[in-house]
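Colleague: The structure's right below; bear with me while I get my questions together.
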Amino acid sequence: MAEAALQKRLLVERAVPRDGCARGKSERPARRVTVNALESPLGWLKVRGLISERQFDAGERLRTDWERARLAPSVTMRWDAPPNSRVARGAPEPNDPLASQIDAKRRFETAVAIAGPGLSDILWRVVCAGEGMRDAEQALGWPARAGKLVLSLALDRLAEHYRLP
């Protein structure tokens, strides 16, 4: 019975606007998606009651901006079409970032700066890079279970920055 209750909390249906942005009011109607709450370390903490809904939302906003700014390292080959000329080509033209990508990067950098140098490390590792709490604590040289407290403080600071209720 307890396993069924946990499974029900793991698969959450969430309304997402058509443009994919989970925050704010959108003029387009929302679509429904099913999300596995254990897909990210932040979701894992939320399902177990170790962070609040407000903290989870703040972390998701930060992760969304990080993904929209395309700050993650590229791990695959680029499959852009080659130029249509017969001349030997040099390096490809750099992609012009979209305005939304630039805005997302600005929002991400502002949020990380507001979190501060002591808190931004754990925020980036757990929320953006998807590291587990144990791995993040070891990488930062922290004692066990210190990361949850520091992450909680960082998420609270983010929630204040985003003015979440």
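The values are calculated or read from the model by the stated rules, or taken from the named source; none is laboratory data. These figures come from a predicted structure and were not determined experimentally. Using ideal geometry, Cβ is built from the backbone for each residue, glycine included, and neighbour counts are taken over all protein chains shown.
Colleague: Failed condition for P165, given (1) assigned to a helix (DSSP H, G or I); (2) under 17 Å from S52 (Cα atoms), with all others met?
Modeller: (1)
Colleague: Just one of (1) under 19 Å from V150 (Cα atoms); (2) at pLDDT below 90 trips up A99, so point out which.
Modeller: (1)
Colleague: In addition: Determine, yes or no, whether T64 is under 26 Å from G147 (Cα atoms) and at pLDDT 90 or above. Break it down stepwise before answering.
Modeller: Values: under 26 Å from G147 (Cα atoms): yes; at pLDDT 90 or above: no.
Judged against the criteria, T64 is not a match.
Colleague: Something else about it: Criterion first (touching a residue at least 24 places away in the same chain (Cβ under 8 Å), closer than 17 Å to L62 by Cβ and within 14 Å of the chain's Cα centre (by Cα)) does L164 satisfy it? Spell out how you get there, then give the answer.
Modeller: Details: touching a residue at least 24 places away in the same chain (Cβ under 8 Å): yes; closer than 17 Å to L62 by Cβ: yes; within 14 Å of the chain's Cα centre (by Cα): no.
No: the conditions fail for L164.
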